[in-house]
Amino acid sequence: MNAAIWITCKLALVTTLVLLVLGTPLAWWLAQGRSRFLRTLVEAAVALPLILPPTVLGFYLLLLLAPDGAIGQFSQSGLAFSFMGLVIGSVIYSLPFVVQPLAASFSQLDTRLLQLGRSQGLNPWQLLRHIVLPATCHAFVMAAALGFAHTVGEFGVVLMIGGNIPGETQVLSILLFDEVETLNFAQAHRIAGGLLAASFALLVVLYSWQKKRGHTRVAT
Amino acid sequence: MWQLELDGQHWRWPQGQWLGISGPSGCGKTQLLTHMACGTKGLLQRGAQTNLLTLPSHKRGLGWAAQSAALWPNQRVHTMLNALAALHQANHWQRDAHELGITPLLQQYTDTLSGGERQRVALLAAVICAKNLLLLDEPVSALDANAAHHVLNAIRHIAAQRELSAILVSHQWQDLAATCHWVYHWQSNSFSTLADAHRAHVLNHPSNACALWPLDGPSLNGQVLVNGQPLDCGPLAPNTLRVRIDAHEVSIAHQQPGPSSIANTLSVTVTGLSHISDTSLIATLDWHGYQLYALITPKAATTLGLAKGLCVYAQFKAHAVNSA
């Protein structure tokens with residue numbers, strides 16, 4: 001079980017980092033971009049994993065990551081059933097959970113504040129550092145937490161493209177499924193209870209931080 | 001000489017002087033300043049230098065205190081001001097912060113400031129950023145009259161030290177009168193000197209009437225020189241450019257009064273009488289081409305037999321001579 005915990009955490013962490021790096025410019029473009037029609041198309045594409053059965057996504061990803069697939073052909077033996085394949089699948093599957101809170105926060109940014117920043121001599125990088133990030137840091141925390149938690153909880157996509165290779169692609173949700181199938185309910189309870197407690201604790205910490213943050217600002 | 005051309009309008013005003021813009025809500029005053037800070041059409045130029053509107057927004061050297069008094073979010077005031085000062089090599093901003101009364105606010109988060117505090121911090125940020133021109137959009141609208149007067153005086157002092165010009169947009173006549181050398185009335189599309197604009201204001205709002213007189217030089221030993229004549233005055237700021245004498249401080253005598261505690265007695269001619277109410281009347285007085293106003297009762301006007309062209313004596317105390 002320790003190997004599954006390690007792989008789950010590693011997968012969630014790497015996925016969250018990749019999502020923050022890729023999702024931030026994408027969310028900025030969705031919030032502030034000019035082409036309305038193109039934005040609508042991309043917005044719909046980003047939101048697809050919310051309504052698509054994970055197995056559908058997993059099926060197409062499996063084809064893409066296979067040794068002769070559009071993406072898999074660039075690696076020696078394909079990316080399916082590998083940790084890298086899991087990361088790619090998780091990034092796509094958790095994309096809306098990171099991009100949507102960031103885009104919502106970016107779209108609420110006061111354009112006058114950005115205009116003021118530019119007139120104060122800030123270049124785009126300084127604008128991001130001094131105005132955009134401080135104004136939207138709560139959205140980054142929320143996006144990272146949701147991306148992490150959603151990756152920890154994914155099952156269908158992981159099963160389709162990662163298989164169930166202990167020590168390499170076997171994450172906690174798959175291990176739980178295995179234990180239930182073999183009627184090892186004691187172990188299944190430990191995994192399910194652990195995931196439940198961890199998810200609940202994460203949400204409690206997140207909401208407490210939000211409340212404390214608002215309270216601190218008012219009280220200072 | 002500064003010049004601004006936009007949408008067929010043309011403004012010119014000397015370097016180092018302040019241009020005031022007044023007008024009703026929604027006439028486009030704020031848009032004008034926003035365009036100068038961010039827009040690209042038109043001309044904004046000092047002398048024969050580059051048209052600033054052809055430069056990217058962050059290279060124009062403008063100090064813009066926006067109407068919303070927007071500040072950098074979720075950080076302490078000193079973090080924002082330090083970053084701006086480092087960017088613009090403004091090493092002495094703490095002195096200006098002290099002058100604007102911001103020093104006690106430096107450790108606070110920008111989101112926790114009141115409206116008036118935000119405006120003062122936004123003004124300092126504008127001063128730090130300004131290399132060419134200050135754009136001040138209703139910069140003291142959230143302050144009470146005394147604080148507004150103090151803050152505008154401080155900004156004018158700082159701007160004078162750095163030879164900065166400014167454009168001040170305001171609804172408040174007093175703010176424009178206290179700081180600007182030129183006032184543009186948007187409503188009538190007319191550009192007028194402060195004296196002309198003030199005359200127009202007094203005609204429309206006689207109850208706010210006050211004389212605004214430029215000084216010939218700084219105050220010395222409790223006296224100022226106005227129009228070549230010495231006037232006794234109360235304490236004035238060293239940077240006072242003009243003095244203000246409110247109409248309710250001025251009284252009129254038919255004959256030369258004897259010695260009294262009223263320090264200033266001027267020989268004036270009545271040029272106008274306008275009734276404000278049953279109990280108030282404004283007498284417009286001419287003092288060697290300078291306008292002075294006296295708020296008196298109709299009964300006093302009748303007793304004195306005031307009429308246009310009559311020569312009388314106007315009196316006001318030294319402490320009625322305030323800086324403007």
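Please treat every number below as a calculation from the coordinates, not as lab data. Every value quoted in this text rests on a predicted model; they were computed, and no experiment measured them. Heads up, the Cβs are rebuilt from the backbone with ideal geometry, glycines too, and the neighbour counts pull from every protein chain shown.
The table below lists the values:
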| read-out | value |
| --- | --- |
| Whole-angstrom Cα spans of the range A:2-219 along principal axes, big to small | 64, 46, 28 |
| Amide H contacts of B:Trp64 (H built 1.01 Å from N, under 5 Å, at least 5 apart or other chain) | B:Leu135 |
| Net charge of Cβ neighbours under 14 Å - reference A:Trp29; Lys, Arg +1; Asp, Glu -1 | +2 |
| Set of aspartates and glutamates with alpha-carbon distance to B:Lys41 below 19 Å, sequence-local pairs under 8 removed | B:Glu5, B:Asp7 |
| Furthest towards positive pole of dipole, A:Leu17, A:Leu65, B:His149, structure part the protein assembly as shown, Cβ charges | B:His149 |
| Point-charge dipole on Cβ atoms (K/R +1, D/E -1) for the protein assembly as shown, about Cα centre, debye to 20 | 560 debye |
| Backbone HN-Hα couplings from phi across the range A:88-94 [Karplus 6.51/-1.76/1.60, Hz, Gly and Pro as x] | 4, x, 5, 4, 5, 5, 9 |
| Largest-first ellipsoid semi-axes for the protein assembly as shown, taking √(5λ) over the Cα gyration tensor eigenvalues, angstrom | 71, 23, 19 |
| Residue order, fewest to most beta carbons within 10 Å, for B:Arg46, A:Arg34 | A:Arg34, B:Arg46 |
| Amide hydrogen neighbours beyond the local backbone of B:Leu113, cut-off 5 Å, H modeled | none |
| Whole-Hz couplings from phi, Karplus 6.51/-1.76/1.60, listed for the range A:96-110; x for Gly and Pro | x, 6, 9, 5, 5, x, 5, 4, 4, 5, 5, 6, 8, 4, 5 |
| Average partner coverage of B:67-74, which counts Cβ from other chains inside 10 Å | 6 |
| Estimated inter-spin distance, A:Val141 and A:Phe37, nm [label 7 Å along Cα→Cβ] | 4.2 nm |
| Dipole magnitude of the range A:2-219 about its Cα centre (Cβ charges: Lys, Arg +1; Asp, Glu -1), debye to nearest 20 | 1220 debye |
| Net dipole in debye of chain B [+1 Lys, Arg Cβ; -1 Asp, Glu Cβ; about Cα centre; nearest 20] | 540 debye |
| Alpha-carbon gyration tensor eigenvalues x 5, square-rooted, for chain B, Å | 40, 22, 18 |
| Karplus 3J(HN,Hα) series, Hz, for the range B:52-61 with 6.51 cos²θ - 1.76 cosθ + 1.60 (x for Gly, Pro) | 4, 6, 8, 8, x, 3, 7, 10, 7, x |
| Cross-link partners of B:Lys317 among lysines (Cα-Cα below 23 Å; sequence separation of 8 or more within a chain) | B:Lys299 |
| Of A:Ser35, A:Val204, A:Gly85, farthest towards positive along the dipole that unit charges on Lys, Arg, Asp, Glu beta carbons give the range A:2-219 | A:Ser35 |
